[in-house]
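The values are calculated or read from the model by the stated rules, or taken from the named source; none is laboratory data. Predicted, not measured: the structure shown is a model, and the values here were computed from it. In this analysis, Cβ positions are derived from the backbone assuming ideal geometry, glycine residues included, and neighbour counts consider all displayed protein chains. Protein only, heavy atoms only, side chains kept; ligands, DNA and RNA dropped before computing areas. Shrake-Rupley method; radii C 1.70, N 1.55, O 1.52, S 1.80 Å.
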Amino acid sequence: MNKEELITSLKEIVKPYIKDENNFEHLTEETDFLKDLKINSANLVDVILDIENAFNIVIDNESMEKMLTVKAAMEIITTKLKEK
Amino acid sequence: MNNRVVITGLGVAAPNGVGISAFTTAIKNGVSGISYHKELENLNFSCCIGGIPEVTEAMKLQYFTPLQLRNFNSSGILYGCIAGVDAWKDAGLHITTTDTPDWDSGTVFGTAVSGVDKFREAIYKLDDKKVKSLGSTAVLQTMASGISAYLSGMLGLGNLVTTNSSACSTGTEAILMGFERIQSGRAKRMLVGGCSDHGPYLWGGFDAMRVITYKHNDSPEKASRPMSATASGFVPGSGAGALLLESLSSALERGAKIYGEVLGGAVNAGGQRGDGTMTAPNSIAVQRCIKTAVENAGITADEIDLINGHLTATSKDAAEINNWSTALNRTGKNFPYIHSLKSMIGHCLGAAGAIESVAAVLGLKEGFIFPSINCEDLHPEIAGIIDPEKIPQKLIENDKLQTIAKASFGFGDVNACIIFRKYNQ
């Protein structure tokens, strides 16, 4: 999976949770889930569950704490996919 | 000086009608909301019938965002939000979109048990060692105060936001708690009511206790028989009722329509002493609760035109009639009219008092007494206390209706009684 494909999948996953449509439309690697997309912090665990299901990976607590931006999420997903 | 408290909005999700208009038509026509449920039979229930409000997916989206509906599995919260938001809008109030909550509005929205299906779902995952997969929704949908929390978020409430719980008297108690808050000047508006889940995981315990009827699986609409000689236990129901209570001055200031006035009421308990137990009411306490309610309302017992009873269709109905008769000191033809909404919707548990109060207030406003169905074979003990004509089997249009007493009693030997009156300047 290349970067573009990964961003597209991630965008699809976070879509139900976002509160800022404009920042979502212009989502980049630098986009912050909480600050830019205004995702309710309680919903972050749901986003991560959805990522786990979509990519069939397991995200440990330490990785989870780092997953606050699109970039961090992409890195963790890529690492976990490689470990499989 | 105490504030007068009026009702300016109503909302309901009942087994025989969701929304005030559908519900009004149903109760006037004696339409039963009880139906057979295969799921209950598959689980070996003795009682395979129940009352469940009909809510479509499209209706859910009128109250909840798609995000709120993700992994949503709490029917009580669903019904409570429909009734609560409807009551708010019915009162002509708008939903604030600013950052500031409405400091003058709060809610006391009760439930007896909430989120059982969600809890079940969570427990299966936990036992499967998948605690992480509960996500963020398990707590919010299973906490007792889930319903008041959801409503507060939808409406932006900034006053008292809480959930009360007192078994089957929950709904009526909630109304009185909200009433007192406005009466004492600590809030201008209180959204009050109660909600209850549907389904086997809530109703199972009652099936096991043999307090629900197993004799009418083939005739669901005839099953709920309050005051009948052939009453054989209650029928489980579900749903929610909501009333928007408001100080009279606030209502007048807004030019709001006024459905009626809450004159007062009382709550008490029998302490499981005397003939009171965990599951049976102490008659002395019930009578005392009714008498105190009348006293607190500043009326005399003779002023009561109609009683909206608790009357569940168990062997306790005759005892309840006797308690009313003793407390009000009225018998035979001198007894007020009395009816039971449970004859149409079953016993909606934590929501019962709220849905039944909505029905009472509608009758007061529009001048009708809904029929108490399924009691054509009146219990002889009841006929010995009050004139059978006082139990309307058909709709009575009566614009002279002024004062209604509504009571609910619950497990734990707890009681609540409230007095509604037509609004007179």
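Summary of values
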item	result
Buried solvent-accessible surface, both chains (A, B), 1.4 Å probe, Å² to nearest 100	800 Å²
Total charge dipole magnitude, chain A, about the Cα centre, Cβ charges on Lys, Arg, Asp, Glu only, Debye to nearest 20	80 debye
Area of B:ARG181 that stays accessible when all protein chains are in place (1.4 Å probe, Å², to 10)	50 Å²
Unit charges on C-beta of K, R, D, E only; dipole of chain B, Debye	500 debye
Order by protection proxy (mean Cβ within 10 Å, highest first), peptides B:368-380, B:324-336	B:368-380, B:324-336
For region B:1-157, size of Cβ-based charge dipole, Lys and Arg +1, Asp and Glu -1, in debye	240 debye
Length-normalised contact order of region B:274-373 in % [C-alpha pairs under 8 Å, at least 6 apart]	27 percent
Buried on assembly, region A:11-34 (at least 20 Å² less accessible surface than by itself, 1.4 Å probe)	A:PRO16, A:TYR17
5 Å binning of all Cα-Cα separations within region A:1-64, expressed as whole percents from 0 upward	4, 16, 29, 27, 19, 5, 0
D_trans [Stokes-Einstein, Kirkwood Rh over alpha-carbon pairs] for region B:7-134, 4 °C, 1.567 mPa s, µm² s⁻¹	75 µm²/s
Sequence ranges A:63-70, B:418-425, B:54-61, B:163-170, ranked by mean other-Cβ count within 10 angstrom, highest first	B:163-170, B:418-425, A:63-70, B:54-61
Test item: A:43-52 mean partner chain Cβ contacts at 10 Å	3
Rounded percent of accessible protein surface that carbon and sulfur make up, region B:386-425, 1.4 Å probe	49 percent
Directionally averaged shadow of the protein assembly as shown, computed from the convex hull of its alpha-carbon atoms, nm²	25.6 nm²
Separation of alpha-carbon centers, region A:1-74 and region B:95-142, rounded to whole Å	23 Å
Heavy atoms of B:TYR124 accessible to a 1.4 Å probe, total area in Å² rounded to 10	150 Å²
Filtered trypsin sites (Lys or Arg not before Pro), region B:247-276: DSSP coil and at most 12 other beta carbons within 10 Å	B:ARG273
Principal-axis tilt of helix A:3-14 within chain A, Cα atoms, nearest 10 degrees	60 degrees
Ellipticity estimate at 222 nm from DSSP helix runs (n ≥ 4, -39,500 (n - 2.57)) divided over the protein assembly as shown, nearest 500	-11000 deg cm²/dmol
Förster-model FRET efficiency, 45 Å R0, A:ALA42 and B:GLU389, C-beta, rounded to 0.05	0.20
Gap separating the Cα centres of region B:336-392 and region B:290-333, nearest whole Å	12 Å
Accessible area expressed per residue, chain A, with surrounding protein chains retained (probe 1.4 Å, Å²)	58 Å²
Whole-number Å³ per residue for the convex hull built on Cα positions in chain B	135 Å³
Cα-based Rg of region B:267-373 normalised by 2.2 N^0.38 Å, two decimals	1.07
Zero-based 10 Å bins, Cα pair distances in region B:18-76, whole percents	17, 35, 35, 13
Pairs of lysine residues in region B:297-425 - Cα separation under 21 Å, sequence separation of 8 or more or cross-chain	22
Dipole of chain B, positive end: most advanced residue of B:VAL6, B:LEU134, B:VAL116 [Cβ charges, Cα centre]	B:LEU134
Kirkwood Rh, Cα atoms: Rg over Rh of region B:311-390	0.95
Cβ crowding within 10 Å averaged over residues, with B:241-249, B:358-366 ranked highest first	B:241-249, B:358-366
Rg/Rg_ref, region B:362-408, where Rg_ref = 2.2 N^0.38 Å and atoms are Cα	1.27
